[in-house]
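What follows is a single structure, written as structure tokens, with notes after it.
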Amino acid sequence: MTDAEIRDCLAQLSARDLDDIRFAQDQIRNFAQYQRDALRDVEVEVEVEVETLPGVILGHKNIPVNSVGCYVPGGKYPLLASAQMSVLTAKIAGVPRVATCAPPHLGGPAPAIVAAQHLAGADEIYCLGGVQAIGALAIGTERIAPVDMLVGPGNAYVAEAKRQLFGRVGIDLFAGPTETLVIADETVGGELCATDLLGQAEHGPDSPAILLTTSEALAQDTIRQIERLLDILPTGAVARRAWEASGEVIVCDSDEDMLREADRIASEHVQVMTRDPDYFLRNMTNYGALFLGPRTNVSYGDKVIGTNHTLPTRKAARYTGGLWVGKFLKT
């Protein structure tokens with residue numbers, strides 16, 4: 001896209017839309033900068049040199065990848081948050097060239113996605129989606145120079161394209177359908193649990209949504225509330241398919257039992273609404289992102305508070321975290 005085309009997209013958005021995008025980007029940029037600052041080089045310099053034996057001086061550097069391709073899904077809905085999560089994080093890591101691809105929406109570039117890409121600092125913006133976008137970024141075309149690394153979520157075809165290209169280029173992770181796990185006890189009600197489960201189930205018909213609880217009364221109430229909400233939610237048709245295919249309610253004997261189940265499930269998003277949420281913060285090992293307390297909704301992390309929403313799915317949380325500044329650095 002040319003500068004004029006980008007400006008035209010920005011002109012289609014309201015001042016409030018642009019302010020909201022800038023606000024979210026400020027939070028994401030801020031947290032990414034904290035992450036980058038936590039990674040220090042072990043340099044071969046007099047002040048901080050590491051001499052492991054007399055005359056043996058060692059060090060390491062964190063060097064950013066030279067070029068990254070960020071895929072932004074947007075065929076059904078313009079998912080501008082995905083642009084912010086990948087482009088901003090790469091730029092804070094110091095990546096010199098960031099190219100972005102997002103599919104056309106309603107016959108042309110999605111203005112909100114273009115604004116998010118541009119304001120996040122993308123160096124090249126392409127209106128191109130699907131497998132062909134992944135191929136163009138990784139292999140190159142007459143107009144697009146190939147990149148060294150591919151990041152960003154997408155549908156099953158995009159995920160498979162990234163899998164086949166892994167090795168030729170680096171990737172962030174294999175992103176499957178959105179997953180959510182709610183861990184709750186009798187300190188919260190079924191409507192809150194149902195709302196938070198369906199808030200992720202509505203992403204697609206194959207999105208798992210699971211409740212772990214020590215309260216059989218809460219389990220029954222949550223199921224009732226889900227059935228009530230599915231009849232009135234505008235996204236009810238999609239959420240119902242996900243709930244009927246992949247929804248679960250598991251009643252456990254204790255917090256220790258819920259902890260074991262949660263680590264077995266290794267969910268992408270884990271929301272803890274119990275009397276002692278810090279117990280799970282201290283002891284859980286397998287999760288993409290952890291949201292503590294009834295005031296902390298998964299959607300905050302997906303959109304605006306600054307943590308990254310490109311997270312491990314399909315039990316990949318057993319061996320990797322999500323997208324962050326460190327993914328763009330070679331140590």
### Amide H contacts of residue 247 (H built 1.01 Å from N, under 5 Å, at least 5 apart or other chain)
209
### Query
How far, in nm, would the chain grow between residue 331 and residue 42 when pulled straight, counting 0.36 nm per residue and subtracting the alpha carbon separation?
103.0 nm
### Query
Translational D (Stokes-Einstein, µm²/s) of region 113-211 at 20 °C and 1.002 mPa s when Rh comes from the Kirkwood sum over C-alpha pairs?
133 µm²/s
### Task
With a ≥ b ≥ c taken as the square roots of the eigenvalues of the C-alpha gyration tensor of region 166-316, please select rounded if a/c is under 1.5 and otherwise prolate if a/b is larger than b/c or oblate if it is not?
oblate
### Query
How large is ³J(HN,Hα) for each residue in region 315-325, as worked out from phi by the Karplus curve 6.51 cos²θ - 1.76 cosθ + 1.60 (θ = phi - 60°), to whole Hz, x for Gly and Pro?
6, 5, 5, 5, 9, 8, x, x, 5, 7, 3
### Mean Kyte hydropathy of 0.5 or more with a Cα span along the axis of at least 18 Å, helices from DSSP in the chain
80-93
### Summary
Charge dipole of the chain built from unit charges on the beta carbon (Lys, Arg +1; Asp, Glu -1), centred at mean Cα; most positive-end Cα among 85, 291, 110 is 110
### Query
Among the aspartates and glutamates, which fall within straight-line cross-link reach of residue 303, defined as a Cα-Cα distance under 18 Å, with same-chain neighbours fewer than 8 residues apart omitted?
17, 19, 20, 26, 179, 196, 202, 268
### Task
Mind running the shape call on region 15-169? Use the C-alpha gyration tensor, a ≥ b ≥ c as the square roots of the eigenvalues: rounded below 1.5 for a/c, prolate if a/b tops b/c, oblate otherwise.
oblate
### Query
In square nanometres, what is one fourth of the surface area of the convex hull spanned by the alpha carbons of the chain?
20.1 nm²
### Query
Tell me, what is the 1.4 Å probe accessible area of residue 23, in Å² to the nearest 10?
110 Å²
### Message
Given an 8 Å cut-off on Cα distances and at least 6 residues of separation, report the relative contact order of region 185-302 as a percent.
### Response
27 percent
### Task
Starting from the amide H of residue 330, placed 1.01 Å from N in the peptide plane, find each other amide H under 5 Å away whose residue is 5 or more places distant or on another chain.
63, 65
#### Entry: Segment residue 186-residue 232, length gained on full extension (0.36 nm per residue, minus Cα span)
14.0 nm
### Summary
Exposed GluC sites (Glu not before Pro) being those in a DSSP loop with at most 15 other Cβ atoms within 10 Å, the longest stretch of the chain free of them is 187-331
### Summary
The answer for trypsin sites (Lys or Arg not before Pro) in region 129-194 that fall in a DSSP coil and have at most 13 neighbouring Cβ atoms within 10 Å is 143, 168
### Query
Roughly how many Å² of residue 330 are accessible to a 1.4 Å probe, to the nearest 10?
110 Å²
### Message
Taking 8 Å as the Cα distance limit and 6 or more residues as the minimum spacing, I'd like the relative contact order of the chain as a percentage.
### Response
18 percent
### Message
Modelling each spin label as a point 7 Å along the Cα-to-Cβ direction, I'd like the residue 281/residue 56 distance in nm, to one decimal.
### Response
4.1 nm
### Summary
Given unit charges at Cβ for Lys, Arg (+) and Asp, Glu (-), the dipole magnitude of the chain about its Cα centre in debye, nearest 20, is 940 debye
### Task
Determine the gain in length on full extension of the stretch residue 33-residue 241; use 0.36 nm per residue of separation and subtract their C-alpha separation, reporting nm with one decimal.
70.9 nm
### Query
What value, in deg cm²/dmol to 500, does the helix sum -39500 (n - 2.57) over DSSP H runs of n ≥ 4 give at 222 nm once divided by the residues of the chain?
-13000 deg cm²/dmol
### Query
Local charge sum around residue 80 (other residues, Cβ-Cβ under 11 Å, Lys/Arg +1, Asp/Glu -1)?
-1
### Message
List the residues, sorted by chain then number, that are 5 or more residues from residue 271 or on another chain and whose placed amide H is less than 5 Å from its amide H.
### Response
181, 182, 183, 291
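The values are calculated or read from the model by the stated rules, or taken from the named source; none is laboratory data. Bear in mind the structure is a predicted one, so any value in this text is a computation, not a measurement. Please note: Cβ atoms are built from the backbone with ideal geometry, for glycine as well, and neighbour counts cover all protein chains shown. Quick note on the areas: whole protein, heavy atoms, side chains included, nothing else; ligands and nucleic acids left out. Shrake-Rupley method; radii C 1.70, N 1.55, O 1.52, S 1.80 Å.
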